[in-house]
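The values are calculated or read from the model by the stated rules, or taken from the named source; none is laboratory data. If you're wondering where the values come from, they're calculated on a predicted model, not measured in any experiment. Every residue, glycine among them, receives a Cβ derived from its backbone with ideal geometry; neighbour counts consider all protein chains shown.
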Amino acid sequence: MKLRKIGFSCLLAASLLSFTACSNDSKKENNDDLSYLNSDDEIYHEALGDFYEIYSDAKNIADDSERYVMMASAEAQMLASAVMLPLQTNGGSYAISNVAIHSVPYVKWGNDSSRFKTTLVADKNIKAIDREEMKKMWEEKRGSDDFDYLEWAKSYLNNKGYNLKRTYNTTYNSDVETWDILATSKAIDSEVLVNTHDGLLEYDSEGDLKLALAEDYSISEDGKEYTFKLRQGVKWVDVQGTELYEVKASDFVSGFQHMLDAKGGMEYLVEGVIEGASEYINGTTTFDNVGVKALDDYTIKYTLTEKKSYFLTMLGYSIFAPLCTDYYIARGGEFGSNFDSSSSTYSYGRDRSSIAYCGPYIITEATSGNKMTFKRNNKYWDLESINVDEINWLYNDGKDELKAYNDMKKGIIDGTSLNTASVAQAKKDGMFNTYSYITETATSTFSSFYNLKRQTFELSDGGAKSNKTNEQKKNTYKAMNNTHFRRAISYALDRVSYHAQMVGDDLAKNTIRNSYTPGDFVYITRDVIKDNNTFKAGTYYGEILQYYIDKLELGIKVWDSNTKLGDGFDGWYNPTNAKLELDYAIKELDIEITKDNPIILDYPYFSGSTVYTNRANVYKKTVEASLDGLVKINLIACNDASDWHYCGYLTSTGSEANYDIYDLSGWGPDYGDPSSYLDTMLPNYQGYMTKCIGLY
């Protein structure tokens, strides 16, 4: 989502949800003298120049295995720069649910895992022992020609005394910003709207890429042209379910151009991938020269700049969604230089009633801060695939840590992750041992980001205001632009204690992530000789990354050779190394740093939640203790979650970031290649996450 993404979900308090950036209400303190700040380019290349140089070379390598090795080398440099500390992934927490495991699409990237049509929902909580049996069968048989997991799961649940229902009730904690799936980079938008349309190809519950709106496709011999034949008779409908038009190849062309025109934040994903896309975005060519063409009413062709082995994995993402061309034009939509979303005649995507639907659901209700309802689209081309006819998303602001659990017990919602408070309550209620299970971890990486060029010190309404003096702000800036100082902070945090505040002591290590790209995300398929080492075929990305980490003598662990994972342990926390790095920093910095004159780092947190308050206090306590009080973590209380969000993830530029340290943002992959992560840290507004470190 994957997407600047919000981290820790308030409504499923032990899990993570993904959100992306949008406009912010924060502002600079105009009375501050910020003349000491260097340019974004100077700061970036000082901090991440080595990463950028190696990664730029890696991007030009056609062979996947060699490219993965080079990308791991580049990521090692990025981790060495310590502009962020990887914190955790989502999942890995206790939960109780009525939803059958793996009954939604299984995929590590893109939007398909948010498609709900195949969801199997029982009429009561599924026992942990039954869930484990289903998981075992899925792992053993998925992908087999003679096995259909969903059909097997239906039969299994019925035989175990569960009845399947046709409604699914869940929760959300942030309203949709735009109803235009092609004009957003926010996961809260795409997670909702992905259910309103289908893609050309989609992943199924067993992790296989299947035909959807495409009934066939072919790839040219040179791997640069992908031609898709569309299903005929697929209909667009309005919010009332009234039939509008047939889905045509031209709708995919229109959708792609509108996505580039709207500049919702995800258009960079196709730069350097689709022929002419970069030039069109930069205004140096017309759309006629972009490699997306309708050959006839039912044939769409994509021409790539060069062979991209991962291209098909991108198609489940929102950037390739179709657009009902005539409907869009009727609502003031135009293309190219004529596109103007601020026009008084432009109404497309303003609400649920101003979009067309060709997917399994129509959004029949959307009340801010209250409820969203999805109902089955009776004109949908594949009605037999729908297992849930109605989905209700109920708003939860996260202030009551037991609300989701209590609502689940009452049957108001069909499941919830368990935080420390609800784990204790579930044990008291006698439900924990019978029904709780540990959710699977995922590929989203949530990090603690360090602001290298802070320019905002309060929100526009006066909230989340820093109390630092100008001299303290200047000292923080100098310190944050020292690599050894940033490493000292990263080594100083006890992430096990930090995570325990959310999920409890017994699961505290489960979701810890030690790298930006998950270590098991990809592996090489042939031997690669590079940098005095032979990386054997089958070697995971994380093992290669560890090799380069060790060459840099960083003293951190990002890969466990026994478990073949980069998660589940704290490979960064080392108070001894933290002190050494701080000593190096003090020698290099022209600042007097003492216990009476520490470096002060503002850390905003959601004070409306006991869990987040406890976690913030652990952050403060462990970092300050590790660094002998020479660094002070200044906790900035945000009584409302919205203030917390506006400090960071609801920002559109680095200059709006109102923090020194922020732990509410993360990234999930959009397609199956490490570049989906590493591209986000490119300079000059190319990288989506560089704004998290205060740049661009």
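Listed here are the residues, each with its yes/no results for (1) at pLDDT 95 or above; (2) under 28 Å from Tyr584 (Cα atoms).
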| position | (1), (2) |
| --- | --- |
| Thr469 | yes, yes |
| Arg487 | yes, yes |
| Leu493 | yes, yes |
| Val496 | yes, yes |
| Asn510 | no, no |
| Tyr523 | yes, no |
| Gly538 | yes, no |
| Leu554 | yes, yes |
Handout entry: Any pair with Cβ under 7 angstrom, 6 or more apart, that starts in the stretch 668-683 at a residue that is closer than 15 Å to Leu312 by Cβ and ends at one that is part of a loop (DSSP other than H, G, I, E, B) and among the hydroxyl-bearing types (Ser, Thr, Tyr)
Key = Pro669/Thr443; Asp670/Tyr317; Tyr671/Tyr310; Tyr671/Tyr317; Gly672/Tyr310; Asp673/Tyr310
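Quick grid of which residues meet (1) of a type in the set (S, T, N, Q); (2) touching a Phe, Trp or Tyr at 6+ places or on another chain (Cβ under 6 Å):
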position	(1), (2)
Ser466	yes, yes
Tyr477	no, no
Asn481	yes, no
Ala492	no, no
Thr511	yes, no
Ile524	no, yes
Ile529	no, no
Phe535	no, no
Tyr540	no, yes
Practice task
Return the residue satisfying two criteria in turn: it lies in the stretch 621-632 and is buried (at least 18 other Cβ atoms within 10 Å of the Cβ) and among the aliphatic types (A, V, I, L, M), and of such residues it is farthest from Ser466 (Cα to Cα).
Solution key: Leu627
Problem - Verdict on Ala82 being within 21 Å of the chain's Cα centre (by Cα) and either modelled with pLDDT of 90 or more or within 25 Å of Val388 (Cα to Cα) (or both) - result: yes
Handout entry: Failed condition for Asn90, given (1) touching a helix residue (DSSP H, G or I) at 6+ places or on another chain (Cβ under 9 Å); (2) crowded, with 22+ Cβ neighbours inside 10 Å
Key = (1)
Exercise for the section: Name the one entry in Gly272, Gly333, Gly316, Gly265 that is farther than 30 Å from Gly668 by Cα and assigned to a loop (DSSP other than H, G, I, E, B). Expected result: Gly333
Fill in the blank from the handout: Within the stretch 409-455, restricting to residues that are touching a helix residue (DSSP H, G or I) at 6+ places or on another chain (Cβ under 9 Å), of a type in the set (Phe, Trp, Tyr) and buried (at least 22 other Cβ atoms within 10 Å of the Cβ), the one that is farthest from Gly654 (Cα to Cα) is Tyr435
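To keep it simple, each residue is scored yes or no on (1) under 28 Å from the mean Cα position of the chain (by Cα); (2) of a type outside the set (S, T, N, Q).
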residue	(1), (2)
Gly276	yes, yes
Glu279	yes, yes
Asp296	no, yes
Met314	yes, yes
Ser343	no, no
Asp351	yes, yes
Glu365	yes, yes
Practice task
Check whether at least one residue in the stretch 541-548 is assigned to a loop (DSSP other than H, G, I, E, B), assigned by TED's automatic domain parsing to the domain that holds Gly668 and surrounded by 14 or more Cβ atoms within 10 Å (Cβ to Cβ), and report yes or no.
Solution key: no
Exercise for the section: Would you be able to say whether some residue in the stretch 675-695 is in contact with a helix residue (DSSP H, G or I) (Cβ under 8 Å, 6 or more places away or on another chain), surrounded by 24 or more Cβ atoms within 10 Å (Cβ to Cβ) and under 25 Å from Ala421 (Cβ atoms)? Expected result: no
Completion exercise
Those residues of the stretch 360-374 which are part of a loop (DSSP other than H, G, I, E, B) and either crowded, with 24+ Cβ neighbours inside 10 Å or aromatic (Phe, Trp, Tyr) (or both) amount to Pro360
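Here's the yes/no breakdown for (1) over 30 Å from Lys263 (Cβ atoms); (2) touching a strand residue (DSSP E or B) at 6+ places or on another chain (Cβ under 9 Å); (3) outside any strand (DSSP E or B); (4) at pLDDT 95 or above:
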| site | (1), (2), (3), (4) |
| --- | --- |
| Thr171 | yes, yes, no, yes |
| Ser174 | no, yes, yes, no |
| Asp189 | no, no, yes, no |
| Leu193 | no, yes, yes, yes |
| Phe228 | no, yes, no, yes |
Practice task
Please name all residue pairs, on different chains or six or more residues apart, with Cβ atoms under 6 Å, provided the first residue is in the stretch 556-570 and is in the same structural domain as Ser515 (by TED's automatic domain parsing) and of a type in the set (Asp, Glu) and the second residue is outside any strand (DSSP E or B) and at pLDDT 95 or above.
Solution key: Asp570/Arg495; Asp570/Val496
Practice task
Would you check if there is a residue in the stretch 294-304 being crowded, with 23+ Cβ neighbours inside 10 Å, of a type in the set (Val, Ile, Thr) and within 28 Å of Asn377 (Cβ to Cβ)?
Solution key: yes
Exercise for the section: Might you let me know whether the stretch 527-539 holds any residue that is closer than 21 Å to Ser444 by Cα and among the small types (Gly, Ala, Ser)? Expected result: no
Handout entry: Residue ID - surrounded by the most Cβ atoms within 10 Å (Cβ to Cβ), chosen from residues in the stretch 633-651 that are farther than 18 Å from Asn396 by Cβ and more than 23 Å from the chain's Cα centre (by Cα)
Key = Ile633
Practice task
Could you please find all residues in the stretch 375-417 being among the basic types (Lys, Arg), modelled with pLDDT of 95 or more and over 24 Å from Pro360 (Cα atoms)?
Solution key: Lys403, Lys409, Lys410
Completion exercise
Over the stretch 620-647, the set of residues touching a Cys at 6+ places or on another chain (Cβ under 8 Å), modelled with pLDDT of 95 or more and not β-branched (Val, Ile, Thr) is Cys638, Trp644, Cys647
Exercise for the section: For Ala464, work out the one condition from (1) surrounded by fewer than 24 Cβ atoms within 10 Å (Cβ to Cβ); (2) in a loop (DSSP other than H, G, I, E, B); (3) aliphatic (A, V, I, L, M) it doesn't fulfil. Expected result: (1)
Problem - Identity of the residue in the stretch 9-66, among the hydroxyl-bearing types (Ser, Thr, Tyr) and assigned to a loop (DSSP other than H, G, I, E, B), that ends up modelled with the highest pLDDT - result: Ser39
Problem - Unique match (being in contact with a strand residue (DSSP E or B) (Cβ under 7 Å, 6 or more places away or on another chain), assigned by TED's automatic domain parsing to the domain that holds Arg513, among the small types (Gly, Ala, Ser) and surrounded by fewer than 24 Cβ atoms within 10 Å (Cβ to Cβ)) among Ser65, Ser81, Ser56 - result: Ser65
Handout entry: Filter result for Ala262 (surrounded by 21 or more Cβ atoms within 10 Å (Cβ to Cβ) and either modelled with pLDDT of 95 or more or over 26 Å from Ile61 (Cα atoms) (or both))
Key = no
Problem - So Gly161, is it touching a strand residue (DSSP E or B) at 6+ places or on another chain (Cβ under 8 Å) and over 14 Å from Ser103 (Cα atoms) - result: no
Problem - Qualifying residue in the stretch 583-603 (condition: in a strand (DSSP E or B) and either at pLDDT below 95 or within 22 Å of the chain's Cα centre (by Cα) (or both)) - result: yes
